[in-house]
1. Could you list all residues from the range 110-159 that are closer than 24 Å to residue 93 by Cβ and part of a loop (DSSP other than H, G, I, E, B)?
2. Residue under question is residue 90, and the condition is that it be surrounded by 14 or more Cβ atoms within 10 Å (Cβ to Cβ) and at pLDDT 90 or above; does it hold?
3. Which of the residues belonging to the range 109-155 are within 20 Å of the chain's Cα centre (by Cα), within 13 Å of residue 87 (Cα to Cα) and not aromatic (Phe, Trp, Tyr)?
4. Output the residue which, of all residues in the range 40-52 that are of a type outside the set (A, V, I, L, M) and modelled with pLDDT of 80 or more, is surrounded by the most Cβ atoms within 10 Å (Cβ to Cβ).
5. Please go through the range 138-153 and give me each residue that is touching a strand residue (DSSP E or B) at 6+ places or on another chain (Cβ under 7 Å) and open to solvent by 40 Å² or more (accessible area, probe 1.4 Å), ordered by number.
6. Any residue in the range 71-92 that is closer than 20 Å to residue 43 by Cα sitting within a Cβ distance under 6 Å of a residue that is in a loop (DSSP other than H, G, I, E, B) and open to solvent by 70 Å² or more (accessible area, probe 1.4 Å)? List the pairs, counting only those 6 or more apart or interchain.
7. In this structure, does residue 31 turn out to be of a type in the set (Lys, Arg), modelled with pLDDT under 85, farther than 24 Å from residue 134 by Cβ and open to solvent by 60 Å² or more (accessible area, probe 1.4 Å)?
8. Could you give me the residue pairs with C-beta distances under 6 Å whose first residue belongs to the range 95-124 and is open to solvent by 40 Å² or more (accessible area, probe 1.4 Å), whose second residue is in a helix (DSSP H, G or I) wherever it lies, and which are 6+ apart or on separate chains?
Amino acid sequence: MSKLVWFALAWIAIASFGAAPASADLAADARKLVGEGQGVYVEAEDGTVLVAQAADRAVHPASVSKIPTTLALLRQLGAEHRFETRFAAGGRVEDGVLHGDLLVQGSGDPYFVDENAALVLLALRDAGLARVAGDVTVRGPFLFNWETQGAATRLERALAGASRRRPGRP
């Protein structure tokens with residue numbers, strides 16, 4: 001079992017019994033054991049956050065962290081919550097060409113990845129759309145392959161890479 005797993009299990013046990021040391025000590029231990037850039041989040045049973053290291057950084061969770069992450073999200077968002085990423089035409093469609101931008105309304109879906117872009121491309125083709133004359137424009141929180149920086153550009157490239165490239169476009 002990795003150091004991170006032992007660290008997380010130990011702190012979860014300590015937090016459950018209310019004997020946790022100061023959060024500064026916990027944060028120092030987290031940095032020492034897993035590194036400064038790694039995400040660590042430990043919360044006591046009463047909801048007190050004991051340590052939140054890189055907690056606002058979107059990352060693909062390691063397999064061992066999926067269970068507590070899932071439980072925390074279920075508690076926060078509820079079992080019925082679904083992330084939605086909506087696509088809309090920002091102009092008229094004629095002869096399979098969208099004369100305008102492809103609009104993407106994000107909701108913070110943490111798992112929108114290349115495979116989703118391929119599914120979107122297939123759905124757009126099934127709807128009769130062969131080419132977008134404009135750009136991909138994103139509104140709202142949008143992550144693509146677990147990153148926010150440049151997400152719209154990377155999504156546009158992913159969509160273009162699976163279809164014919166437009167003149168003058170990467």
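The values are calculated or read from the model by the stated rules, or taken from the named source; none is laboratory data. Source: prediction; values computed, not measured. Neighbour counts are summed over all protein chains in view; Cβ atoms, including those assigned to glycine, are modelled from backbone coordinates with ideal geometry. Ligands, DNA and RNA are excluded from the accessible area calculation, which covers all protein heavy atoms including side chains. Shrake-Rupley method; radii C 1.70, N 1.55, O 1.52, S 1.80 Å.
1. Listed by number, the residues that qualify are 112, 127, 128, 129, 130, 133, 134, 135, 140, 142.
2. Working: surrounded by 14 or more Cβ atoms within 10 Å (Cβ to Cβ): yes; at pLDDT 90 or above: yes.
Spelling it out, residue 90 is indeed surrounded by 14 or more Cβ atoms within 10 Å (Cβ to Cβ) and at pLDDT 90 or above.
3. 116, 117, 119, 120, 121, 136, 137, 138, 139, 140, 152, 155
4. Pass one, the range 40-52, residues of a type outside the set (A, V, I, L, M): 41, 43, 45-48.
Filter once more, so that each one left must be modelled with pLDDT of 80 or more: 46-48.
Values: 46: 7, 47: 7, 48: 12.
Filtering the range 40-52 for residues that are of a type outside the set (A, V, I, L, M) and modelled with pLDDT of 80 or more, the one surrounded by the most Cβ atoms within 10 Å (Cβ to Cβ) comes out as 48.
5. Here is the first cut: in the range 138-153, the ones touching a strand residue (DSSP E or B) at 6+ places or on another chain (Cβ under 7 Å) are 138-140, 142, 151-152.
Passing the criteria: 138, 139, 140.
6. That search, which allows pairs on different chains as well, returns nothing.
7. Working: of a type in the set (Lys, Arg): yes; modelled with pLDDT under 85: yes; farther than 24 Å from residue 134 by Cβ: yes; open to solvent by 60 Å² or more (accessible area, probe 1.4 Å): yes.
Taking the combined requirement at face value, the residue satisfies it.
8. 114/158
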